[in-house]
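> Quick one: structure below, then a few questions.
The values are calculated or read from the model by the stated rules, or taken from the named source; none is laboratory data. Quick caveat, the model's predicted, so the values are computed rather than measured. FYI the Cβ positions are ideal-geometry reconstructions off the backbone, even for glycines, and counts take in every protein chain you see. Note: areas computed on protein heavy atoms with side chains; ligands, DNA, RNA excluded. Shrake-Rupley method; radii C 1.70, N 1.55, O 1.52, S 1.80 Å.
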Amino acid sequence: MNTAAHAAHHTTGQPAGPGSRPEPGAEAAAPRLGRGTLLLMSVATGLSVAGNYFAQPLLDVIGRDLHLSTGTTALVVTVAQTGYGLGLLLLVPLGDLLERRRLAVVLCALTAVFLTVTASAPNAALLLTGTALTGLTSVAAQVVMPFAATLSAPAERGRTIGTVMTGLLLGILLARTAAGLLAELGGWRTVYWVNAALMLLMAVLLRLRLPALRTTAGLRYPALLRSTLALFAQEPVLRWRAALGALTFAGFSVLWTALVFLLSGPAYGWQESTIGLLGLVGAAGSLAASTAGRLADRGLAHRVTGVSAFLLLGSWGLLAAGGAGGAWSLAALLAGVIVLDLAAHAVHVSNQNLVYAIRPEARNRLNSAYMTSYFVGGAVGSALTSMVWGLGGWTGVCVLGAGMAVAVVGVWVAEWLRRRTPRG
């Protein structure tokens, strides 16, 4: 038995073969990830997270249908992000303990079930429950992401992460477009029913196409969770990149939560389907994921982060000019959305590339630690937006977003100075 086969035998509990792949100890010998499987993993991640974003262009219509206050309706977004954050913390580390294909399949199937709860919800209680549980299990995307990174060759890991991330980001952004269009056709519940059916299909396809892969962490579940949290104390790169990710996604959430209120208000007066189409504009930003991944493979992740941090700051100037309504304001608004999305996605992919490289044997726990911070930032951003909108409208929201962008620049500068300072 050669080295790769020996590693596969001990990590999966099965003889090495077509359904087995070695874990990081034999990464250099791992077969290249096929394009078809990579595409499937990209689609699965996008569909998994999409359910957390359907409500954003539909907040008004959901509120009217279920007779909810504006504050309760806005909680739908916050609850989705919070559920996702809990899933990242509690479920994603299981990828270092359980067989990954089975974990991904089970999570996809459960997401389908919980989407049907949201689709059939007659009141706020069931709506929020279904949304929270969907967020919890939709972290299948974050089980698939390090799975793809492990199956890829080290020299192509950035490209692989960028490709899967593109699928995930398109899922987030196009979810708004799909939600708006399907709401016009069959009501706001339609998109949840459709996504439930697609998630069941993903569960079947992942079971058929993905190889079996198990990592033996040698820990029980409570110790596994403790070791995930301990990574923050042990790994400086994780701390810096988690801070950058949390602040970046907080600003991203500020924009996409507030846009619904701006575009449906008196300045623009758009309908749900039109608001949803704005996701097509934001989707252009997902192209940055693939480019950032390739640049990371060339050792330029830190530079990409710096350029993107300053672009984030500049985007809020454009967005502020887009609050008045009219053709010129709309042009500024669309330009701001594109720039912010490009920059946010580039920061995120650069972060993941650096974090995944720290300790390959703990890749799921590293991903859990980083992504938990990332989506806690998103939940905080959404919650703050609801409060700031009531106090200062679009101008207040832009000040909030610009403040977060300033913090991103500050953290990047601090990290850059730390890296350049010689250690005595």
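> Could you figure out which of (1) at pLDDT 85 or above; (2) open to solvent by 40 Å² or more (accessible area, probe 1.4 Å) isn't true of GLU184?
It is condition (1) that GLU184 fails.
Yes or no, residue by residue, for (1) among the basic types (Lys, Arg); (2) buried (at least 21 other Cβ atoms within 10 Å of the Cβ); (3) at pLDDT 95 or above:
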position: LEU90; (1), (2), (3): no, no, no
position: LEU97; (1), (2), (3): no, no, no
position: LEU103; (1), (2), (3): no, yes, no
position: VAL106; (1), (2), (3): no, no, yes
position: THR111; (1), (2), (3): no, yes, yes
position: THR131; (1), (2), (3): no, yes, no
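> Here is a list of conditions, (1) part of a helix (DSSP H, G or I); (2) within 18 Å of GLU415 (Cα to Cα), and LEU263 meets all of them except one; can you say which number that is?
LEU263 satisfies all of (1) part of a helix (DSSP H, G or I); (2) within 18 Å of GLU415 (Cα to Cα) except (2).
> Sort through THR257, THR228 and tell me the only one that's closer than 25 Å to ALA362 by Cα and among the β-branched types (Val, Ile, Thr).
Every option except THR228 fails the conditions.
> Taking into account only those residues within segment 221-235 that are without any contact (Cβ under 8 Å) to a residue 40 or more places away in the chain and of a type outside the set (Gly, Ala, Ser), which is least open to solvent (accessible area, probe 1.4 Å)?
So, considering only residues that are without any contact (Cβ under 8 Å) to a residue 40 or more places away in the chain and of a type outside the set (Gly, Ala, Ser), the one least open to solvent (accessible area, probe 1.4 Å) is PRO222.
> Would you be able to tell me the number of residues in segment 179-220 that are among the charged types (D, E, K, R), over 30 Å from ASP65 (Cα atoms) and in contact (Cβ under 8 Å) with a residue 60 or more places away in the chain?
Within segment 179-220, residues that are among the charged types (D, E, K, R), over 30 Å from ASP65 (Cα atoms) and in contact (Cβ under 8 Å) with a residue 60 or more places away in the chain number 3.
> Follow-up question, since we're still on this one. Here is a check on your reading of the model: is LEU259 within 24 Å of TRP389 (Cα to Cα), open to solvent by less than 50 Å² (accessible area, probe 1.4 Å) and either touching a strand residue (DSSP E or B) at 6+ places or on another chain (Cβ under 9 Å) or among the aliphatic types (A, V, I, L, M) (or both)?
Against the criterion (within 24 Å of TRP389 (Cα to Cα), open to solvent by less than 50 Å² (accessible area, probe 1.4 Å) and either touching a strand residue (DSSP E or B) at 6+ places or on another chain (Cβ under 9 Å) or among the aliphatic types (A, V, I, L, M) (or both)), LEU259 qualifies.
> Take the residues in segment 52-73 that are of a type in the set (S, T, N, Q) and not in a helix (DSSP H, G or I); name whichever of them is least open to solvent (accessible area, probe 1.4 Å).
ASN52
> So LEU198 fits all but one of (1) open to solvent by 60 Å² or more (accessible area, probe 1.4 Å); (2) modelled with pLDDT under 80; (3) closer than 22 Å to PHE147 by Cα; what number is the exception?
(2)
> Here's something else I'd like to know. Quick check: anything in segment 313-320 small (Gly, Ala, Ser), surrounded by 19 or more Cβ atoms within 10 Å (Cβ to Cβ) and without any contact (Cβ under 8 Å) to a residue 60 or more places away in the chain?
No, because not a single residue in segment 313-320 is small (Gly, Ala, Ser), surrounded by 19 or more Cβ atoms within 10 Å (Cβ to Cβ) and without any contact (Cβ under 8 Å) to a residue 60 or more places away in the chain.
> Moving on. Condition first: in a helix (DSSP H, G or I) and farther than 19 Å from MET371 by Cα. Can you find one or more residues in segment 237-250 that meet it?
For segment 237-250, residues in a helix (DSSP H, G or I) and farther than 19 Å from MET371 by Cα: absent.
> Quick check on ALA140: is it closer than 26 Å to TRP256 by Cβ and either open to solvent by 10 Å² or more (accessible area, probe 1.4 Å) or not aromatic (Phe, Trp, Tyr) (or both)?
Answer is yes for this residue.
> Tell me, please, whether a residue that is open to solvent by 20 Å² or more (accessible area, probe 1.4 Å) and under 14 Å from LEU38 (Cβ atoms) can be found in segment 146-155.
Yes, because at least one residue in segment 146-155 is open to solvent by 20 Å² or more (accessible area, probe 1.4 Å) and under 14 Å from LEU38 (Cβ atoms).
> While we're looking at this one, here's another question. Kindly indicate the residue of segment 332-361 that is among the small types (Gly, Ala, Ser) and crowded, with 24+ Cβ neighbours inside 10 Å and also farthest from LEU277 (Cα to Cα) among those meeting that condition.
SER350
> Quickly run through segment 99-117 and pick out the residues that are over 15 Å from LEU210 (Cα atoms), of a type outside the set (A, V, I, L, M, F, W, C) and more than 20 Å from the chain's Cα centre (by Cα).
Once the filter is applied, which keeps residues that are over 15 Å from LEU210 (Cα atoms), of a type outside the set (A, V, I, L, M, F, W, C) and more than 20 Å from the chain's Cα centre (by Cα), segment 99-117 yields only THR116.
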